[in-house]
Amino acid sequence: MKYSYYPGCTVKNQAKELDLYARACGEKLGFELEELSQWQCCGGVYPLGSDEIATKLSSVRALAEAKEKKQDLVTLCSACHHVLKRVNDDMRCVEDIRVRANNYLQPESPYQGETTVIHYLEVLRDRVGFDVLKEKVTHPLNGRKIGAYYGCLLLRPGKIMGFDDPENPVILEDLIRALGGEPVVYPYRNECCGGYLSLKEKELSKSMTDRIMDSAEGFGAQMLITACPLCLYNLNQSTSGAKLPVRYFTELLAEALGVKEEVSGE
Amino acid sequence: MTKAEKQAELIRQIGGTDPYKCMKCGKCSATCPSFDQMDIKPHQFVSCVLHDQIGRLVQSKSLWKCLSCFACVERCPRDVKPGKLIDAARQLVIRQRGQDYLNPDQIPELLDPELPQQLLVSAFRRYRR
């Protein structure tokens, strides 16, 4: 099975391991991520203004290329997923945005939101299946106590993202279970890490990540996993006493599937 | 139409949401992770737009404390979307010449080696045109 793949700026730079592990695990699980021939940065956050068009065009180009290739479009970074999914929803449901974006881009056939945007985690859950994944695990995590950190971008707004129950998600916990770990459910797992505020308002974002870290540690987590490079960065900036290690979910996946060493060259 | 009324109308348009649906339950403020740091709270944002008190709103520090984490949007029982109103007020400010909240010249001193690119592009999109 071949998917179109939108990596995004961070995955190509600061978060290379998120991508390398994901590709290697894909091979192991029988699917291939085919990077779009041309993609541009999604902008990191969805442009909320109802009159914003130009800021959405880079996403529309990526979505339209996947449509041409007749493939579903897989994302890995939470931010890219959020932006592409919401722009796609606009193109399908908001006539004003659809008409103006198409007038601007002048594609051969108008793009009307036909592409399916699917996060790597959704591929694991809905296309591979956690039960099949479980059978392919060669190095189970031996009951390691792992807290899933969702953040906001994958879950909200729930009606558009359609990723999981926005208030009580289970997808990462189910993944941890399939890999042989023990998921730790804690209250702050879907509260914001501070996002881009850590650039100019460090103290404020630290207070948020401290709350998350303390909450996870209090419920017995030994480590946290996330899909988002910005969440990972912010959580690592936390000055809380807990200081739990934070990893990308793909790293754990690679470990359990026995491909981690060959990717990291260890 | 006074200037404040025009601006309130513009915020409703850019925000694409209807503040008249608000029933003042305060759930948006109760759930906001930046609540402590905000001079005008999310539920008061809605009230300001309703009552054309735009001057207060565009000078508010809260514009720069909001994370767009959509907690208020997700949890609003009336689908008022306070986070979208806050973004619209922010747009009203940064779309004016010289009102950027982040300048490229400031970036080098804010960088650290671990910082993900995603952080910079996100900040640029929310803080300036």
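A few points about this structure:
- Selected residue (criterion: surrounded by the most Cβ atoms within 10 Å (Cβ to Cβ)) from residues of segment A:243-266 that are touching a Leu at 6+ places or on another chain (Cβ under 6 Å) and in a strand (DSSP E or B): A:248
- Residue satisfying all of: in segment A:56-107; acidic (Asp, Glu) and under 15 Å from residue A:36 (Cβ atoms); surrounded by the fewest Cβ atoms within 10 Å (Cβ to Cβ) among these: A:68
- Condition check for residue A:27: surrounded by fewer than 18 Cβ atoms within 10 Å (Cβ to Cβ), away from chain B (no Cβ under 14 Å) and assigned to a helix (DSSP H, G or I): yes
- Search result, residues across segment B:41-70 that are hydrophobic (A, V, I, L, M, F, W, C) and closer than 22 Å to residue A:199 by Cβ: B:58, B:63, B:64, B:66, B:67, B:69, B:70
- Set A:137, A:184: member being touching a Phe, Trp or Tyr at 6+ places or on another chain (Cβ under 6 Å), in contact (Cβ under 8 Å) with a residue 24 or more places away in the chain and either in the same structural domain as residue A:226 (by TED's automatic domain parsing) or surrounded by fewer than 18 Cβ atoms within 10 Å (Cβ to Cβ) (or both): A:184
The values are calculated or read from the model by the stated rules, or taken from the named source; none is laboratory data. Here the structure is a predicted model, which means the values were calculated and not measured. Note that we place each Cβ from the backbone using ideal geometry, even for glycine, and neighbour counts take in every protein chain shown.
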